[in-house]
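Asker: Below are the structure tokens for one structure; questions will follow.
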There are 2 protein chains.
Amino acid sequence: MPVKKAVIAFGGNAILKEDERGTLQEQLLHCKETCQTLLDILERGYGLIIVHGNGPQVGNLLIQVEEAQRKTPPLPLEVCVAATQGTMGFMLEMEMHNQLTGRGLKKEVTTLVTQVVIEPDVEKFEHPTKPVGPFYTEEQAERLRRERHWEIVEDSHRGYRRVVPSPRPVEILEAETIKFLAESGHIIIAGGGGGIPLVREDGHLAGIEAVIDKDYTASLLAREIGADLFIILTRVPRVALHFGTPQERPLDCMTLEEARGYLAAGHFPPGSMGPKISAALEFVVATGKEVLITSPEVLASALEGRTGTRITS
Amino acid sequence: MPVKKAVIAFGGNAILKEDERGTLQEQLLHCKETCQTLLDILERGYGLIIVHGNGPQVGNLLIQVEEAQRKTPPLPLEVCVAATQGTMGFMLEMEMHNQLTGRGLKKEVTTLVTQVVIEPDVEKFEHPTKPVGPFYTEEQAERLRRERHWEIVEDSHRGYRRVVPSPRPVEILEAETIKFLAESGHIIIAGGGGGIPLVREDGHLAGIEAVIDKDYTASLLAREIGADLFIILTRVPRVALHFGTPQERPLDCMTLEEARGYLAAGHFPPGSMGPKISAALEFVVATGKEVLITSPEVLASALEGRTGTRITS
């Protein structure tokens, strides 16, 4: 029987939590919890293709690079993304092995450095919006604008932050390999941090300082490898209308048309649920298959249809 | 026809040179040169399995982590190794794609995060010898010994440096996958920095602050995947007896027995040519096949038998 393939996306904040420092021990503990959750999907007959975010992790690395700038050359953002594919891939893969052993299961676990070609839409790059890295004072911000030609904006009264483009992914260089290995029964960790962003010009690839939203990369990957299910893990068990208000109404399911309507009506803000819904819609439109949005804590019951939000055609 | 498989090992100093700062541009240039050299092997009918070192790169990352210690939690050494698998894998993979395109070739290039279980020889860990990371003053060294329980030694009158164990690899978790992909025609980048060092206790894997010599990992990988040729790239075109003296005598070839004799006679010092010869011997003994030691600059003529040192059974 061919393996059913599930692509699962979750944020870097599932591994490095806001209220923690983010030591290795803390992150490994959350990797362990996450892997336990993911193995519940595996035990329901799905092959796993895991796409993790890297927000807090790449944030820390940018601080480290910044603090050592007099002693070591800078690592551009795309190189920092590549670094977190190594570090987070290692942590997740090792804990996955440990959890598999604990359940008496034997599976290959494969982590792929993943390069993603972005849309060639230069227009968008002139108005970057995605904040990355440390906060700066106004003076530091001025200096960095001058010296490094960075785009820097004031961020929610907490200081100044660099903003970078957040382009859409158009091609995952390793997609064929991921499909091949997933269909051979491997658990795959790929597209970490949304993938290493590349531009292609006249056939030549080059890195670019940008951040690709991991939900869009996961959606593209799910389409390219013919996934049967696309799962987006988030902080809430169900997507809600009027989120955070007294009128809040969690949804069990949405059709394509309903989801588009809610999105247009502003129920899903750009910085949080918006990209998840858009990424989900792209998958449903292209494949006619289902997307499940839920939180890691209730994933098992969501798979049984008892919670979570489903988007269907 | 089945693909002949060549495992090629080279140091991180082939990418980040001693007399350079090591900016991304500099490193990408050396990745490009290295990939050009490696494609000469491919065009002679070999599948490529590339094992790179990470000395200068992980050194820089350790400095970055150190400089930011008040703002971000430390990354233990094994996590830093994992990071360089991401960063160097990215640079090499991207440049390999560009060089393939330039030659009109089409090949999948796959970079695997690689975890390596080390020998369970606790004895050795009590006398670590491998220096890593920045130099410290005597005062800093004292504090780090106290606070972090690091082993720190004076290093060649340039200051104090942390030393870590350098254990032998015994198992590469991804070896089967590497073999499978290499035999499917992929160019593989794996075992970066010698691999992420793990210990296994009662079936449970955990990282350990150590550095595995990349030549030993490459040798083990070459044996595990049934490589036809093992190439070790180094600074010199040929291995020499009485190296660096007026009696220096470069060698075209050595038998197993001769190599063992020279090693025992002290011709190949522990910090440089010694581990390369030992790693080569392990491969020749296990497989009866050949090892070629040479420099990247003359690899093409070495493959034609015009230079380089061959070790044969």
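Asker: Hey, could you check the stretch A:9-26 for residues that are at the interface with another protein chain (Cβ under 9 Å from one of its Cβ atoms) and assigned to a helix (DSSP H, G or I) and say which is nearest to A:Ala83 (Cα to Cα)?
Answerer: A:Leu24
Asker: Does the stretch A:92-99 include one or more residues that are without any contact (Cβ under 8 Å) to a residue 12 or more places away in the chain and more than 23 Å from B:Leu181 (Cβ to Cβ)?
Answerer: no
Asker: Hey, any hits in the stretch A:72-90 for a residue that's loosely packed, with under 15 Cβ neighbours inside 10 Å and of a type in the set (A, V, I, L, M, F, W, C)?
Answerer: No: the stretch A:72-90 contains no residue that is loosely packed, with under 15 Cβ neighbours inside 10 Å and of a type in the set (A, V, I, L, M, F, W, C).
This table checks each residue for (1) over 29 Å from B:Thr34 (Cα atoms); (2) touching a Phe, Trp or Tyr at 6+ places or on another chain (Cβ under 6 Å).
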position	(1), (2)
B:Pro73	yes, no
B:Ala82	no, yes
B:Met96	no, no
B:Asp121	yes, no
B:Tyr136	yes, yes
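Asker: Select, from B:Leu62, B:Leu48, B:Leu105, B:Leu75, the only residue that is under 22 Å from the mean Cα position of the chain (by Cα), hydrophobic (A, V, I, L, M, F, W, C), assigned to a loop (DSSP other than H, G, I, E, B) and over 20 Å from A:Ile208 (Cβ atoms).
Answerer: B:Leu75
Asker: In the same structural domain as B:Phe10 (by TED's automatic domain parsing), farther than 29 Å from B:Leu205 by Cα and out of contact with any helix residue (DSSP H, G or I) (no Cβ under 7 Å at 6 or more places or on another chain): does that describe B:Leu24?
Answerer: no
Asker: Just one of (1) in the same structural domain as A:Leu77 (by TED's automatic domain parsing); (2) farther than 26 Å from A:Val284 by Cβ; (3) without any contact (Cβ under 8 Å) to a residue 40 or more places away in the chain trips up A:Glu154, so point out which.
Answerer: Failing condition for A:Glu154: (1).
Asker: Can you tell me which residues in the stretch A:92-122 are closer than 15 Å to B:Leu205 by Cβ and of a type in the set (Val, Ile, Thr)?
Answerer: Listed by number, the residues that qualify are A:Thr101, A:Val109, A:Thr111.
Asker: Can you confirm whether A:Lys5 is surrounded by fewer than 24 Cβ atoms within 10 Å (Cβ to Cβ), more than 10 Å from chain B (Cβ to nearest Cβ) and among the basic types (Lys, Arg)?
Answerer: On the way: surrounded by fewer than 24 Cβ atoms within 10 Å (Cβ to Cβ): yes; more than 10 Å from chain B (Cβ to nearest Cβ): yes; among the basic types (Lys, Arg): yes.
Yes, satisfied.
Asker: Among (1) touching an Asp or Glu at 6+ places or on another chain (Cβ under 9 Å); (2) buried (at least 22 other Cβ atoms within 10 Å of the Cβ); (3) at pLDDT 95 or above, there is one condition B:Gly193 misses while meeting the rest; what is its number?
Answerer: (1)
Asker: Next question. Quick check on the stretch A:80-97. Is at least one of its residues within 14 Å of chain B (Cβ to nearest Cβ), over 21 Å from the mean Cα position of the chain (by Cα) and within 19 Å of A:Gly192 (Cβ to Cβ)?
Answerer: yes
Asker: Here's another thing I want to ask about it. So which strands (runs of 3 or more DSSP E) stay within the stretch B:217-313 end to end and still have 2 or more residues that are within 24 Å of B:Thr177 (Cα to Cα), touching a strand residue (DSSP E or B) at 6+ places or on another chain (Cβ under 6 Å) and open to solvent by less than 30 Å² (accessible area, probe 1.4 Å)? Spell out how you get there, then give the answer.
Answerer: Details: elements: B:229-233, B:253-255, B:290-294, B:309-312.
Of the strands (runs of 3 or more DSSP E) lying wholly inside the stretch B:217-313, those with at least 2 residues that are within 24 Å of B:Thr177 (Cα to Cα), touching a strand residue (DSSP E or B) at 6+ places or on another chain (Cβ under 6 Å) and open to solvent by less than 30 Å² (accessible area, probe 1.4 Å) span B:229-233.
Asker: OK, next. Hey, among A:Ile196, A:Ile188, which residue is β-branched (Val, Ile, Thr), closer than 20 Å to A:Ser166 by Cα, touching a helix residue (DSSP H, G or I) at 6+ places or on another chain (Cβ under 8 Å) and touching a residue at least 24 places away in the same chain (Cβ under 8 Å)? Break it down into steps so the answer makes sense when it comes.
Answerer: Values: A:Ile188 fails: closer than 20 Å to A:Ser166 by Cα.
On inspection, the qualifying residue turns out to be A:Ile196.
Asker: Any residue at all in the stretch A:134-142 that's among the aromatic types (Phe, Trp, Tyr), assigned by TED's automatic domain parsing to the domain that holds A:Thr111 and crowded, with 19+ Cβ neighbours inside 10 Å? Even if it seems obvious, please write down each step before you answer.
Answerer: First, pick out the residues of the stretch A:134-142 that are among the aromatic types (Phe, Trp, Tyr): A:135-136.
Those still in the list that are assigned by TED's automatic domain parsing to the domain that holds A:Thr111 too: none.
Scanning the stretch A:134-142 turns up no residue that is among the aromatic types (Phe, Trp, Tyr), assigned by TED's automatic domain parsing to the domain that holds A:Thr111 and crowded, with 19+ Cβ neighbours inside 10 Å.
Asker: Another question, then. Given the condition within 17 Å of the chain's Cα centre (by Cα), among the charged types (D, E, K, R) and closer than 12 Å to A:Lys276 by Cβ, answer yes or no: does some residue in the stretch A:216-231 qualify?
Answerer: No, the conditions are met nowhere in the stretch A:216-231.
Asker: Further, regarding this structure: Right, A:Arg44: touching a residue at least 40 places away in the same chain (Cβ under 8 Å) and more than 18 Å from B:Leu75 (Cβ to Cβ) or not?
Answerer: Against the criterion (touching a residue at least 40 places away in the same chain (Cβ under 8 Å) and more than 18 Å from B:Leu75 (Cβ to Cβ)), A:Arg44 qualifies.
Asker: Could you tell me which residue of the stretch B:134-159 is nearest to A:Thr72 (Cα to Cα), considering only residues that are touching a strand residue (DSSP E or B) at 6+ places or on another chain (Cβ under 7 Å) and of a type in the set (Gly, Ala, Ser)?
Answerer: Within the stretch B:134-159, the match that is nearest to A:Thr72 (Cα to Cα) is B:Gly159.
Asker: All but one of (1) out of contact with any Pro (no Cβ under 6 Å at 6 or more places or on another chain); (2) more than 10 Å from chain A (Cβ to nearest Cβ); (3) at pLDDT 90 or above; (4) not in a helix (DSSP H, G or I) hold for B:Arg161, so report the exception by its number.
Answerer: (1)
Asker: Hey, does the stretch B:107-130 have a residue that's open to solvent by 20 Å² or more (accessible area, probe 1.4 Å) and within 25 Å of A:Ile178 (Cα to Cα)?
Answerer: yes
Asker: Just for the stretch A:48-71: of the residues that are within 7 Å of another protein chain (Cβ to nearest Cβ) and touching a residue at least 12 places away in the same chain (Cβ under 8 Å), which one is surrounded by the fewest Cβ atoms within 10 Å (Cβ to Cβ)?
Answerer: By that ranking, first place goes to A:Ile63.
The values are calculated or read from the model by the stated rules, or taken from the named source; none is laboratory data. Computed from a predicted model, the values in this text were never measured in an experiment. Backbone-built Cβ (ideal geometry, glycine too); neighbour counts: all protein chains shown. Protein only, heavy atoms only, side chains kept; ligands, DNA and RNA dropped before computing areas. Shrake-Rupley method; radii C 1.70, N 1.55, O 1.52, S 1.80 Å.
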